[in-house]
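Read-outs: derived from the displayed coordinates by stated rules, not from any lab. None of these values were measured; they are calculated from a predicted model. Quick reminder, even Gly has a Cβ in these numbers, built from the backbone with ideal geometry, and neighbours come from all protein chains shown.
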Amino acid sequence: MNAFTRFAALTGATVLLGFAGQAGAATLTQDQVKAKVKEAGYTNVSDIRLEKDHYDVTAMKDGKKVIIDVDAKTGAISPEEEHEENEHHG
């Protein structure tokens, strides 16, 4: 009976670790992010950086340089921000 209890505990732990591994594996790769962004009509996709739960991506849309956020799990693209080359903050 004691051996059965240990076996059951080890099996349960293995199943839980398996689920934890799957959760981490769900993050999209940079290539997948680039493909999703291009499918959404963006061009010159570059500078793809993972930031916690999303990717920051630089691209072109309608002739303008934009920086967009792409959800690292779902690939959902947030509204873009126009990026001014000579933007001054003052």
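What lysines could a cross-link reach from K61, if we take a straight Cα to Cα line under 16 Å and drop same-chain neighbours fewer than 8 places away?
Leaving aside lysines fewer than 8 places away in the same chain, those within reach of K61 are K34, K36, K38.
Among K36, K65, K52, what is the fewest-to-most ranking by other Cβ atoms within 10 Å?
K52, K65, K36
Quick one: D31, D71, fewest Cβ neighbours within 10 Å first, how do they rank?
D31, D71
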